[in-house]
Amino acid sequence: MIIERVIMKNEDVMNIAKKRGFLWSSFEIYSGVAGFFDYGPLGAILKNKIMNKWRDYYLVGEGYYEIESPTIMPEEALKASGHVDHFNDPMTECKECLEVFRADHVIKDVTGEDVEGLENQELTEILSKEQIRCPRCEGHLTHVWSYNLMFQTLIGAKGKKSGYMRPETAQGIFITFKRLLRFNRGKLPFGIVQLGKAYRNEISPRQGVIRLREFTQAEAEIFVDPKNKGHPRFREIESQVLTLYPADIQEKDGEPIKVTAQEAVRKGIVSSEILTHQLCLANKFIKELGIPFEVIRFRQHLKTEMAHYAIDCWDVEIHTDRYGWIEVIGIADRADFDLKSHSEYSKEDLRVFMEYDQATTIKKLVVKPDMKKFGPLFKGNAPKISAVLKKTDPESIKNAFNKENIYNMEIEGENYQLTPDLLSFEESQETVRGEKIYPHVIEPSYGIDRITYSVLLHCFQQDDDKNILHLPADIAPIAVNVFPLVNKDELVLVSEHIRDDLRAEGMIAELDTSGTIGRRYARSDEIGTPFAVTVDHQTLEDKTVTIRERDSQKQVRLPVSKIPKTINGLINKKIKFSEFEAI
RNA sequence: GCGGCUGUAGUCUAGUCUGGUUAGGACUUGGGCCUUCCAAGCCUACGACCCGGGUUCAAAUCCCGGCAGCCGCACCA
């Protein structure tokens, strides 16, 4: 028997997803709000299973730790991260053609002046003073207003402190870096992950769950030594083949290339081993969710689209019939931008002390002021002068003494003359055991909602006109269905026992007695339940039941007592269905 | 945000142009009958005119506004 499989379209998938309780738009009875989606009963399980699989990769596999930080953040923190300034775009609209522009961009194009950071009022004044018109139709432009992509809120009863809903989960990790570094006993590299909601007040969200105002991210921040961007277990994955679409090929309108991870590093296509390792992890993860290799590609950010601090950035894209290639994961080398910036704003030292393999000893000339003479001579200014001297190169002072026997220095407009008797020079030895550095950050950022959507889209297929959700067994919401072949009391009773045994084994199991057996198989297939146990007349005679596999529609007969362990084994891929003899 | 199109049970849809009886059908779902392996059949039940205002004796139908969806433009550090 040959099953004819047809890939389904976005529209059909979304309809079934709504009907079967995976996904629907939120607040429906109040006519809905764009950019918000609910996960229904099955969708919530599916999403959680995907997130737990992600944890298997990053917590168990990579040995990283998860934290949970608040979704509301104070303004200062987001000021440091650059989000307050960057998410606050000054906008202006043409009164004639109704085009909307970034006001600072329009001004820069005309005057050539960089006006970033100016107030809206000032920008409005520049627009009218310079008589700047619409770049497209020469129409008049409106006053400048801010469009803030972050949801703003007020913290506290009097609401004096301004806060925002976090636009990404990553910042919670950077902010706690000091404690995390201590937790990891001061050593690099280490990784911290966070899964949770993030918020962006999109101007006009559309495209279903592709662009949400509230969405779920799974992010890892991997802190590494900038001098060592290797990965200890790179050998394990170096032969993995990736579909890469590097920036230079995009610029030449070329086709993506298939290369092994090893080649990607050797030829310098991807900037580091650890970044490549992340691409491989993402590749494997996506494939294990049931998304075929052909619809996955890694697109490198063009220089123009890459954030100014990022060294290298790759988007994992999945092809969809409706929206083309969509970004589901962003993998970036963010260098030291975030930690440096938080360090500057918070005045906390977020550097890591890196010990050298070998300590080096440096010989140095040090200038020492004779404070007994300094005090009476310079009075209150003495401490100032000695502080400046400490920072001055002793050699230059020595040179001055050799030439003119005097050293002139100026502090805050005052002139001071130092004579050799006021200073002595000493040779000192200093041992340098290491240095403080800002770690670089490798950041894979997974969009869980987009991934969940992609899984539904690519796992749904029409097999001989029936809708079948070919989910990998380990992420299917319902593990197994139990059906009495006909709706008779004695069969139902046995079925209930089997369902309870399956639940006791830790699986989500359901019983369905309604309609004909065929209808029940169909319903079960449509929500992706990988296995069905059917109780029939023979069960009453010899205590055996059949297990039906969703994808092959084949059945095997086994003793009732072996069912829970067998189904569990099948779901965890410890047993293969094909090992049994089909009936 | 702008423009165009659209909005009837869970889903698909008839009716709207040309206002007029209890808004009709199919599928789905619940209950029952029948039924010993892949959405069969029979009986039965539940279930809808996106919201608000206006015109009219009378509005699913015409008009205005809002909301939502789709498409295009713009936006998407």
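Counting only Cβ charges, +1 for Lys and Arg and -1 for Asp and Glu, the dipole size of chain A around its Cα centre is about 1440 debye.
Roughly how tilted is helix A:10-19, in degrees to the nearest 10 and between 0 and 90, from the longest Cα axis of chain A? Helix A:10-19 and the main axis of chain A meet at about 70 degrees. Packing, as the average of other Cβ atoms within 10 Å across residues, places the peptides A:167-174, A:218-225, A:462-469, A:242-249 in the order A:218-225, A:167-174, A:242-249, A:462-469, highest first. Once C-alpha pairs closer than 8 Å and six or more residues apart are averaged by separation and normalised to the residue number of chain A, the relative contact order reads 13 percent.
When you filter the GluC sites (Glu not before Pro) in the stretch A:3-112 for DSSP loop state and at most 15 other Cβ atoms inside 10 Å of their Cβ, you are left with A:E4, A:E68, A:E96, A:E99. Taking a straight line from the alpha carbon of A:K129, these lysines sit under 30 Å away, with near neighbours fewer than eight places off in the same chain left out: A:K95, A:K108.
If you take all other residues with their beta carbon under 9 Å from the beta carbon of A:V480, and give Lys and Arg +1 and Asp and Glu -1, the sum is 0. Of the cross-linked pairs A:K9/A:K466; A:K18/A:K574; A:K488/A:K543; A:K258/A:K287; A:K284/A:K562, those separated by over 22 Å at the C-alpha level are A:K18/A:K574; A:K284/A:K562.
With contacts taken as Cα pairs under 8 Å at a separation of at least 6 residues, the stretch A:357-437 carries a relative contact order of 52 percent.
Here the simple spin-label model places points 7 Å from the Cα toward Cβ, and for A:E541 and A:S514 these points are separated by 3.3 nm.
Report, for the stretch A:468-547, the % of DSSP beta bridges that are antiparallel, rounded to 5.
The answer is about 20 percent antiparallel.
Dipole of the stretch A:156-214 computed with +1 at Lys/Arg Cβ and -1 at Asp/Glu Cβ about the Cα centre; of A:L181, A:Q171, A:P205, farthest Cα towards the positive end is A:L181. Here the simple spin-label model places points 7 Å from the Cα toward Cβ, and for A:N487 and A:Y147 these points are separated by 5.5 nm. Charges on Cβ only, +1 for Lys and Arg, -1 for Asp and Glu, centred on the Cα centroid of chain A; of A:S31, A:Y345, A:Q300, which one is farthest towards the dipole's positive end? Result: A:Y345, furthest along the dipole toward the positive end. Report note on the peptides A:375-387, A:326-338, A:306-318: ranked by the mean count of other C-beta atoms within 10 Å, highest first, their order is A:326-338, A:306-318, A:375-387.
Positive contributions from Lys and Arg (+1) and negative ones from Asp and Glu (-1), summed over other residues with Cβ under 15 Å from the Cβ of A:K303, come out at -4. Computed from the C-beta positions of A:T419 and A:T111, the FRET efficiency with R₀ = 51 Å rounds to 0.35. Pairwise Cα distances in chain A exceed 38 Å for 51 percent of all pairs. Counting pairs of Cα atoms in the stretch A:478-579, how many percent are more than 23 Å apart? The proportion of pairs with Cα distances above 23 Å equals 15 percent.
Read-outs throughout are calculated quantities, based only on the coordinates presented, and are distinct from any laboratory measurement. All values reported here derive from a predicted model rather than from experimental measurement. FYI the Cβ positions are ideal-geometry reconstructions off the backbone, even for glycines, and counts take in every protein chain you see.
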